[in-house]
Amino acid sequence: MRQFLMILPIVCALAACASNGDGAGVIETPDGDKYNLSISPKGWVTVETSTGRATGYNQNDSFYGAWVDDSKQMTELKYQGNEATNIPKSGTATYYGNVVRVDGAGEIYNAGKSRLNVDFGNKVVDGKLEMSGARDVTLEKGNLHGAKFSGQATMLWNSGGTYRGTLMGNGATEAAGVVDFNDSTLNAAFGGKRY
C-alpha cells in the first residue's frame, strides 16, 4: 500500500493554544484528539490517540514530534509552542536538541541530534541534523524574520529540501521546526534549547 505523508507544522498562537508561557500548549492530532502538553512531563512523551500514536519531545515552551495512524499509512510531523518574546537584537546563540523521524515501517524514533545556530544581529540561521545510521541534514544559511526562520536543507545526494521553524519562549530560549524534502521519507521534526 502506498504510504501517504502529510506535513503540517502547527505553531499555535499564544492566546489560542498555550497557557501563559507555561508549556507547549494543547496538541491536536489529525484524528481530532487533544492533549495538554503543559501538564505532561518534559522530555520524550508518547500518547495513544483514538486512531494512532503521537511521540515527540516536550520542552518548556515548545513541542516537536510526529503522529502515525494505527495502519501506519498516514503520518504528520509537527511543531508548536509559545512564539518567542523579547528576542535578542544582537549576539548569537546555539540550540541543541533532538531529531524525530518516522521510518519506513511507520515507527516514530529519535533519529539523532540537532544543532541550530542563530545570529540575532544579522538575522540569519544555519545548523545540522546529525543522524546515526542515516545521512545528516545540513540546514543551509537561512533567514530569521522575527521569531520565524527558514532556509534550504541539503543532504548527501539530495539538495531539494527546505526547513522552517520558530523560536519559542521568553528570550527565545527554545526552537522547533521541520525539514521537508521531495522524498518525504527523509523529512524530520527537530528542536532544541538555547545554550
Could you tell me which numbered condition Leu77 fails, if it satisfies all but one of (1) within 13 Å of Asn187 (Cα to Cα); (2) not assigned by TED's automatic domain parsing to the domain that holds Asp31? (2)
Starting from residues that are free of Cβ contacts under 8 Å to residues at least 40 places away in the same chain and more than 18 Å from Leu144 (Cβ to Cβ), keep the ones in the range 110-130 and report whichever is surrounded by the fewest Cβ atoms within 10 Å (Cβ to Cβ). Glu130
Do you know which residues across the range 169-179 are buried (at least 19 other Cβ atoms within 10 Å of the Cβ) and either within 12 Å of the chain's Cα centre (by Cα) or not aliphatic (A, V, I, L, M) (or both)? Gly169, Thr173, Glu174, Ala175, Ala176, Gly177, Val178, Val179
If you go through the range 155-168 one residue at a time, do you hit one that is touching a residue at least 40 places away in the same chain (Cβ under 8 Å), of a type outside the set (Phe, Trp, Tyr) and surrounded by fewer than 23 Cβ atoms within 10 Å (Cβ to Cβ)? yes
Picking from Gly121, Gly142, Gly160, Gly151, the residue that is at pLDDT below 95 and farther than 21 Å from Gln59 by Cα would be Gly160
Can you find even one residue in the range 143-152 that is of a type in the set (Ser, Thr, Tyr), within 28 Å of Gly23 (Cβ to Cβ) and either touching a strand residue (DSSP E or B) at 6+ places or on another chain (Cβ under 9 Å) or surrounded by fewer than 14 Cβ atoms within 10 Å (Cβ to Cβ) (or both)? yes
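Every residue, every condition in (1) in a loop (DSSP other than H, G, I, E, B); (2) closer than 21 Å to Ala175 by Cα; (3) in the same structural domain as Val178 (by TED's automatic domain parsing), yes or no:
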{"position": "Ala54", "(1), (2), (3)": "no, yes, no"}
{"position": "Phe63", "(1), (2), (3)": "no, yes, no"}
{"position": "Trp67", "(1), (2), (3)": "no, yes, no"}
{"position": "Arg101", "(1), (2), (3)": "no, yes, yes"}
{"position": "Gly112", "(1), (2), (3)": "no, yes, yes"}
{"position": "Asn117", "(1), (2), (3)": "no, yes, yes"}
{"position": "Gly121", "(1), (2), (3)": "yes, yes, yes"}
Would you point out which residue out of Gly56, Gly52, Gly81, Gly43 is modelled with pLDDT of 90 or more, small (Gly, Ala, Ser) and surrounded by fewer than 17 Cβ atoms within 10 Å (Cβ to Cβ)? Gly43
Could you list, in sequence order, the residues of the range 133-147 that are free of Cβ contacts under 8 Å to residues at least 24 places away in the same chain, farther than 25 Å from Tyr109 by Cβ and in contact with a Lys or Arg (Cβ under 8 Å, 6 or more places away or on another chain)? Asn143, His145
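The values are calculated or read from the model by the stated rules, or taken from the named source; none is laboratory data. Model, not experiment: these values are computed from the prediction. Heads up, the Cβs are rebuilt from the backbone with ideal geometry, glycines too, and the neighbour counts pull from every protein chain shown.
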